[in-house]
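K.L.:
Pasting a structure below so you can have a look.
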Amino acid sequence: MKPLEGLLVLEFSQFLAGPSAGLKLADLGARVIKIERPIKGEACRQLSIKDLFVDESSMLFHTINRNKESFAANLKDPNDLVQVKKLIAIADVVTHNFRPGVMEKIGLSFSDVIAINPKIIYGIISGYGNTGPWAKKPGQDLLVQSLSGLTWLSGKSSQGPVPFGLAVADLMCGNHFVQGILAALLKRAKTDKGVLVEVSLLESILDVQFEALTIFLNNGGQLADRGNVKGSAHAFLSAPYGIYETNDGYIALAMGDLMQLGRIIEVDLSAYSDKKTWFTGRAAIRKILRKKITTKSSEHWVGILRKNGMWCEKVFNYNDLNNQPFMNDLQLKQTVRNSEGKEMITTRLPIQFNGDILTSTKAAPQVGEDNEKIYQQFLND
């Protein structure tokens, strides 16, 4: 039995942050029903990556919405809204990420919903909270990465700001949303009352940067020195931390004793025997290391560095990653199948319980695919 079996979640959320939270809840055993507009469904069905589609929905939609059901309902239609409210009456959790005022206009605000179901967990994701001049601005991952300061932490100073290669604001917000919902479920178990859970993209991405922001706020407002050396990977860590090119690829070096590293790879770093210079002189140190490391292969360097206790690894692309034994040893992939029999390979929930890996074979549903089943189970008077 999965941990959240027996919980019913109604997901009004769209795109990535809210649905990614729903995916985690579904993988943990909750029954997640997407409430979608008829025919077209959720907007993310048409938001594609590399123009990949399965059964008229984008592969992006499929990656975020596997293991869920779909109930098509027009929330502006009074008859459909009655049916949705019947589902709310028996649900444990409702989630949405509409802009402030949308659910209120429909008649599904927190106060409306808790009047229907006093024990409901009502979760809201917004871009910038629900008060103040930013409340109604569109919450989009790249925009939030940019205004949060995150894009100034990656890459070299000569590059200007560099956004993260994934929708990190959306994904971290989804994770925080799950944490809030699970905590609210525990609170409800103690109080027998419903709970309002609110998370914003901005608050989530600032929390991701709590180390960097705390240093900034307590260091006289001094900005991070990103440096201008190829492969620098952290604005606040000293050399040798970073990525270095070899003669056939790249290796990553984590924290380590710089003097020991110099002895292992046979470069003279005696000018930096004072540990304080490992940060203040990190650009020059990295140039010295780069010049030496580019002379031999990744395999050579990783071999001798590991042998001497240094933390290092090769830098993999996805092809390299997919060929690693741990992908199979840890069962990191799973195959899901949609109602038409189409199979897709994807990742799995990264959490184990009592040694059990939780997987599911259900792909994302088509729009309204589960209406008949849901009507028969819940809505036949």
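K.L.:
If the Cβ limit is 8 Å and pairs must be 6+ apart or interchain, which residue in region 172-198 that is closer than 21 Å to L150 by Cβ and free of Cβ contacts under 8 Å to residues at least 40 places away in the same chain pairs with which residue that is crowded, with 17+ Cβ neighbours inside 10 Å and of a type in the set (V, I, T)?
P.N.:
M172/I205; M172/V208; H176/V199
K.L.:
If V267 meets every condition in (1) assigned to a loop (DSSP other than H, G, I, E, B); (2) in contact with a Leu (Cβ under 8 Å, 6 or more places away or on another chain); (3) closer than 19 Å to K68 by Cβ apart from one, which number is that one?
P.N.:
Going through (1) assigned to a loop (DSSP other than H, G, I, E, B); (2) in contact with a Leu (Cβ under 8 Å, 6 or more places away or on another chain); (3) closer than 19 Å to K68 by Cβ one by one, V267 breaks only (3).
K.L.:
Take region 38-65 and flag every residue that is buried (at least 16 other Cβ atoms within 10 Å of the Cβ) and either at pLDDT 95 or above or not in a loop (DSSP other than H, G, I, E, B) (or both).
P.N.:
Within region 38-65, C44, R45, V54, S57, S58, M59, L60, F61, H62, T63, I64, N65 qualify.
K.L.:
Have a look at Y272, Y244 and point out the one that is surrounded by 15 or more Cβ atoms within 10 Å (Cβ to Cβ) and within 26 Å of Q222 (Cα to Cα).
P.N.:
Y272
K.L.:
Of all residues in region 297-320 being in a loop (DSSP other than H, G, I, E, B) and surrounded by 12 or more Cβ atoms within 10 Å (Cβ to Cβ), which is farthest from the chain's Cα centre (by Cα)?
P.N.:
In this case the residue turns out to be N308.
K.L.:
For V367, are the conditions met, namely being buried (at least 16 other Cβ atoms within 10 Å of the Cβ), touching a strand residue (DSSP E or B) at 6+ places or on another chain (Cβ under 7 Å), in contact (Cβ under 8 Å) with a residue 24 or more places away in the chain and part of a helix (DSSP H, G or I)?
P.N.:
Taking the combined requirement at face value, the residue does not satisfy it.
K.L.:
Name the residues in region 343-358 that are more than 17 Å from L60 (Cα to Cα) and without any contact (Cβ under 8 Å) to a residue 40 or more places away in the chain, would you?
P.N.:
Passing the criteria: P350, Q352, N354, G355, D356, I357.
K.L.:
Any chance you could count how many residues in region 66-84 are in contact with a Gly (Cβ under 9 Å, 6 or more places away or on another chain), surrounded by fewer than 20 Cβ atoms within 10 Å (Cβ to Cβ) and of a type in the set (K, R)?
P.N.:
The total comes to 0.
K.L.:
Let me ask another. Scan region 129-174 for residues that are among the aromatic types (F, W, Y) and either surrounded by fewer than 17 Cβ atoms within 10 Å (Cβ to Cβ) or touching a helix residue (DSSP H, G or I) at 6+ places or on another chain (Cβ under 8 Å) (or both) and jot them down.
P.N.:
Scanning region 129-174 gives W134, F164.
K.L.:
Separate question: If G123 passes every condition in (1) among the small types (G, A, S); (2) touching a helix residue (DSSP H, G or I) at 6+ places or on another chain (Cβ under 8 Å); (3) over 13 Å from V9 (Cα atoms) but one, which one does it miss?
P.N.:
G123 satisfies every listed condition except (3).
K.L.:
Take region 25-37 and flag every residue that is closer than 20 Å to F177 by Cα and assigned to a strand (DSSP E or B).
P.N.:
R31, V32, I33, K34, I35
K.L.:
Next up: Looking at region 333-342, which of the residues that are touching a residue at least 12 places away in the same chain (Cβ under 8 Å) and out of contact with any helix residue (DSSP H, G or I) (no Cβ under 9 Å at 6 or more places or on another chain) is surrounded by the fewest Cβ atoms within 10 Å (Cβ to Cβ)?
P.N.:
The extreme case among them is E340.
K.L.:
Under 8 Å by Cβ, and 6 or more places apart or on different chains, what pairs join a residue from region 11-37 that is under 23 Å from F353 (Cβ atoms) with one that is β-branched (V, I, T) and assigned to a loop (DSSP other than H, G, I, E, B)?
P.N.:
L28/I351
The values are calculated or read from the model by the stated rules, or taken from the named source; none is laboratory data. Just so we're clear, the structure is a prediction, and the values are computed from it rather than from any experiment. Positions of Cβ are generated from backbone atoms using ideal geometry, with glycine treated the same way; all protein chains shown enter the neighbour counts.
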